[in-house]
1. Say we look at the range 157-179 and pick out the residues that are aromatic (Phe, Trp, Tyr) and within 18 Å of Phe110 (Cα to Cα); which of these is surrounded by the most Cβ atoms within 10 Å (Cβ to Cβ)?
2. When Val206 is evaluated against the numbered criteria (1) over 22 Å from the mean Cα position of the chain (by Cα); (2) in a helix (DSSP H, G or I); (3) surrounded by 14 or more Cβ atoms within 10 Å (Cβ to Cβ), which criterion, by number, is the only one it fails?
3. With the requirement that a residue be surrounded by 14 or more Cβ atoms within 10 Å (Cβ to Cβ), out of contact with any Lys or Arg (no Cβ under 6 Å at 6 or more places or on another chain) and not in a helix (DSSP H, G or I), what does the range 102-135 give you?
4. Here are some conditions: (1) surrounded by 15 or more Cβ atoms within 10 Å (Cβ to Cβ); (2) assigned to a helix (DSSP H, G or I); (3) not aliphatic (A, V, I, L, M). Ser241 meets all but one. Which one does it not meet?
Amino acid sequence: MCISGESVRMVGFPALFKGADFLLRGKENMAQAAAAPKKKVAGLGGEKLHVWPYLVRLEFLCALLTIIALTVWSIVIDAPLEEAANPTKTPNPSKAPWYFLGLQDVLVYFDPWFAGVVAPVLIIVGLMLIPYLDVNPKGNGYYTYHERKTAIWVYSFGFLVLWIALIIMGVFLRGPGWNLFMPWQYWDPHKVVALVNVDLPYAFGVRTYNGAMLFGGAVIIGYFAVGTAIYFFMERKALKSVGFLRMFLKIELFLIMMGIVIKIVLRLGFNIKYVWVTPWFNI
């Protein structure tokens with residue numbers, strides 16, 4: 001979906017005039033609020049500040065700068081609209097909308113049943129479970145980084161690496177044939193890439209079908225078992241207060257997230273197609 005420059009200008013310019021009046025009045029409100037006595041917040045050791053005008057003023061400034069940037073962008077750069085769709089010609093590459101390109105790129109590393117069904121369900125369910133799994137009261141009602149470093153880094157890693165990075169890769173690095181092109185390379189529609197991918201058991205010398213199935217199952221089960229055991233050992237003091245189910249779900253979701261990253265690295269760096277091969281599914 002594209003936003004035309006005219007629509008942005010119709011919204012942006014009235015907001016600029018309203019913003020100037022808001023900022024002028026904001027100084028008066030700030031002066032009045034500064035003269036009022038401030039209260040200490042129990043347990044935080046800081047001062048209690050009113051949402052208005054302190055927080056609202058900063059949020060409005062951010063919104064105003066965003067509107068200005070979008071207005072300038074819409075004037076300088078035209079919307080990247082292509083020609084009308086031709087039902088007799090399939091584009092190469094055929095890409096999903098940009099916000100789904102991350103999932104489309106996951107199809108390179110996993111089968112459709114996982115990339116198109118399991119992965120989206122895990123993302124939605126995992127985000128829904130965060131308020132119920134994260135019972136740490138620190139950071140509720142105020143901003144803090146030092147008290148929630150692990151939570152912030154884990155969420156940022158999942159969002160930036162498993163969503164934003166894959167979208168960027170799908171938009172700028174995936175060319176004809178869904179081949180991987182560096183930014184300085186020409187998108188050659190006739191490029192042919194030799195398929196040299198092998199399964200993980202084969203890379204370790206396992207040649208029989210049953211042996212490969214057992215080897216891959218041992219790797220997957222061992223990965224989750226060892227990761228879960230290490231987490232429970234490190235967080236054993238919090239087991240009684242947090243609860244077994246919460247801790248179990250947290251570590252399993254984290255291991256799945258890291259497992260997707262590991263699988264992407266194995267495919268791109270070592271040409272590993274599947275880790276676990278079975279008659280029913282492949283991972």
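Bear in mind these aren't lab numbers, they're just calculated from the coordinates by the rules spelled out. If you're wondering where the values come from, they're calculated on a predicted model, not measured in any experiment. Neighbour counts are summed over all protein chains in view; Cβ atoms, including those assigned to glycine, are modelled from backbone coordinates with ideal geometry.
1. Start the filter on the range 157-179 by keeping residues that are aromatic (Phe, Trp, Tyr), which leaves 157, 159, 163, 172, 178.
Then drop every residue that is not within 18 Å of Phe110 (Cα to Cα), which leaves 163, 178.
On the way: Trp163: 14, Trp178: 16.
Result: Trp178.
2. (2)
3. Once the filter is applied, which keeps residues that are surrounded by 14 or more Cβ atoms within 10 Å (Cβ to Cβ), out of contact with any Lys or Arg (no Cβ under 6 Å at 6 or more places or on another chain) and not in a helix (DSSP H, G or I), the range 102-135 yields Leu107, Val108, Phe110, Asp111, Asp134.
4. Only one criterion in (1) surrounded by 15 or more Cβ atoms within 10 Å (Cβ to Cβ); (2) assigned to a helix (DSSP H, G or I); (3) not aliphatic (A, V, I, L, M) is unmet by Ser241, namely (1).
Every residue, every condition in (1) in contact with a Gly (Cβ under 9 Å, 6 or more places away or on another chain); (2) over 27 Å from Leu101 (Cβ atoms); (3) in a helix (DSSP H, G or I), yes or no:
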position: Pro201; (1), (2), (3): yes, yes, yes
position: Phe233; (1), (2), (3): no, yes, yes
position: Met257; (1), (2), (3): yes, no, yes
position: Ile264; (1), (2), (3): no, no, yes
position: Val275; (1), (2), (3): yes, no, no
position: Trp280; (1), (2), (3): no, yes, no
